[in-house]
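> Can you read through this structure? Questions will come right after.
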Amino acid sequence: MSVNPEIFNFFTKLVEKISGISYQAGKEYLVENRLTELALSLGYKDLESFYQKVKNNLTPTLLNQIIDVLTTNETYFFRDQHPFEAIKNHILPELIQKREKEKQIKIWSAACSTGQEPYSLAMLILEYFSKYLSTYRFLIYATDISQNALKKAKEGIYNQIEVNRGLPVTFLVKYFKQEGSSWRIDEKVKALVKFEYLNLLETDKKVKENFDLILCRYVLIYFSKETKTQVFRALWNTLNKGGYLILGATEIPPFNPPDMEKKLLGKTIVFFKKET
Ligand SMILES: C[S@@+](CC[C@H](N)C(=O)[O-])C[C@H]1O[C@@H](n2cnc3c(N)ncnc32)[C@H](O)[C@@H]1O
């Protein structure tokens, strides 16, 4: 049976308008499967009746549920490893020196999914920079558009498969407590991270702070060229001079701001905001 193009177009247009996520042709079955599952879980008899309801009366709750099922939340601890090596060996030592007066380092995990990325940063700070914790404030902001992902991130409870992905055993033992078949992240790791809902399309409007380090990995890939440019520009504007932006390993900036310098730190390419 083929996917009803009217339903596919309706939902994909809706999701792109709100979140920027652009579902290309070829993703019909993925979209249909995820929406059908949602429709059935909400008590609708099929996707068609769910579509009629959404078309006629789209509530904010329903919209969130649709966004939740149509976002890809794939993530894991210390994803790609090399960026975390660069943060540990180059970026944080440099920022600590540069922020000697302010004694504050602000980090933003933009599109943090279920929390593995900001918690990896927090564990890295606790493990390798603990001597600065009494004198410096390390603030990690972590945001996402998916309410479900954020809920899980805030709980900080992961199953065995999740903690087996990317997390060194020494970190598991040191920073998690086992609860039945799950693992709960330690309060001292949690204390470094502040989770908040943020739609990246609204960065300009909603984000009034500046950051020394921004990680925005594996989310711009879902956006059209135009949206990617808009979001990248907004992210770049929130970056402090002398700060760093890190994208996913396979991602490149949609344009090159004049004050951007591309640097290779170890095996990772990062985007540095020039100071003059
Ligand atoms: C594949 S995950 C990447 C997570 C993490 N950055 C990493 O690299 O492991 C992509 C995340 O982007 C989020 N996302 C998609 N569109 C977004 C938007 N417009 N604003 C904020 N987050 C968004 C999704 O909810 C999802 O959690």
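The values are calculated or read from the model by the stated rules, or taken from the named source; none is laboratory data. For clarity, every value in this text was computed on a predicted model and none was experimentally measured. Cβ coordinates were reconstructed from backbone atoms using ideal geometry, including for glycine residues, and neighbour counts include every protein chain displayed. Surface accessibility is based on the protein's heavy atoms, side chains included, excluding ligands, DNA and RNA. Shrake-Rupley method; radii C 1.70, N 1.55, O 1.52, S 1.80 Å.
> Out of the residues in the range 89-118 that are touching a helix residue (DSSP H, G or I) at 6+ places or on another chain (Cβ under 6 Å) and not hydrophobic (A, V, I, L, M, F, W, C), which is farthest from Thr238 (Cα to Cα)?
Thr114
> Right, another one. Looking only at residues in the range 106-119 that are closer than 13 Å to Leu213 by Cβ and crowded, with 24+ Cβ neighbours inside 10 Å, which one is nearest to the ligand (Cβ to nearest atom)?
First, pick out the residues of the range 106-119 that are closer than 13 Å to Leu213 by Cβ: 106-110, 117-118.
Retained after the next criterion (residues that are crowded, with 24+ Cβ neighbours inside 10 Å): 107-110, 117-118.
Working: Ile107: 13, Trp108: 11, Ser109: 7, Ala110: 7, Glu117: 5, Pro118: 9 Å.
Among them, the one singled out is Glu117.
> Failed condition for Leu198, given (1) open to solvent by less than 30 Å² (accessible area, probe 1.4 Å); (2) in contact (Cβ under 8 Å) with a residue 40 or more places away in the chain; (3) away from the ligand (no atom under 12 Å from the Cβ), with all others met?
(3)
> Now for a separate question. Going by the conditions given, is Leu220 within 11 Å of the ligand (Cβ to nearest atom), under 13 Å from the mean Cα position of the chain (by Cα) and free of Cβ contacts under 8 Å to residues at least 40 places away in the same chain?
yes
> For the range 201-217, which residues satisfy the criterion of being more than 15 Å from the ligand (Cβ to nearest atom) and surrounded by fewer than 21 Cβ atoms within 10 Å (Cβ to Cβ)?
Selection gives Lys208, Glu209, Asn210.
> Something else about it: Please give the strands (runs of 3 or more DSSP E) falling wholly within the range 70-163 in which 3 or more residues are within 16 Å of the chain's Cα centre (by Cα). It would help to see each step written out before you state the result.
Details: elements: 104-110, 137-144, 157-159.
The strands (runs of 3 or more DSSP E) meeting that bar are 104-110, 137-144.
> Need at least 2 residues that are charged (D, E, K, R) per element, so show me which strands (runs of 3 or more DSSP E) inside the range 183-276 make the cut, counting only ones lying wholly within it.
Values: elements: 193-197, 211-216, 239-247, 260-265, 268-273.
By residue number, 193-197, 260-265.
> Still on this structure: So which of Leu38, Leu95 is within 16 Å of the ligand (Cβ to nearest atom) and surrounded by 18 or more Cβ atoms within 10 Å (Cβ to Cβ)? Talk me through it step by step, then tell me what you get.
Details: Leu95 fails: within 16 Å of the ligand (Cβ to nearest atom).
Only one candidate qualifies: Leu38.
> Here's another thing I want to ask about it. Do you know which of the residues in the range 152-165 that are farther than 22 Å from Thr61 by Cα and open to solvent by 10 Å² or more (accessible area, probe 1.4 Å) is farthest from the ligand (Cβ to nearest atom)? Quick ask: steps written out before the conclusion?
Filtering the range 152-165 down to residues farther than 22 Å from Thr61 by Cα leaves 156-165.
Next, from what is left, pick out any that are open to solvent by 10 Å² or more (accessible area, probe 1.4 Å): 157, 159-162, 164-165.
Details: Ile157: 17, Asn159: 17, Gln160: 19, Ile161: 15, Glu162: 12, Asn164: 16, Arg165: 10 Å.
Taking the candidates together, the pick is Gln160.
> Quick one: which of Phe129, Phe84 is within 16 Å of the ligand (Cβ to nearest atom) and of a type in the set (Phe, Trp, Tyr)?
From the options Phe129, Phe84, the qualifying one is Phe84.
> Can you pull out every residue in the range 132-151 that is open to solvent by 50 Å² or more (accessible area, probe 1.4 Å) and within 11 Å of the ligand (Cβ to nearest atom)? If you could, list the steps in order and put the result at the bottom.
At the first step, the residues of the range 132-151 found to be open to solvent by 50 Å² or more (accessible area, probe 1.4 Å) are 132-135, 137, 147-148, 151.
Correct list: Gln147, Asn148.
> While we're here: Quick check on the range 100-122. Is at least one of its residues touching a strand residue (DSSP E or B) at 6+ places or on another chain (Cβ under 8 Å), among the hydroxyl-bearing types (Ser, Thr, Tyr) and at positive phi?
Yes, the range 100-122 contains at least one residue that is touching a strand residue (DSSP E or B) at 6+ places or on another chain (Cβ under 8 Å), among the hydroxyl-bearing types (Ser, Thr, Tyr) and at positive phi.
> I want to confirm something. Restricting to the range 15-28 and keeping residues that are open to solvent by 30 Å² or more (accessible area, probe 1.4 Å) and outside any loop (DSSP other than H, G, I, E, B), which single residue is farthest from the ligand (Cβ to nearest atom)?
Looking at the filtered set, the residue picked out is Glu28.
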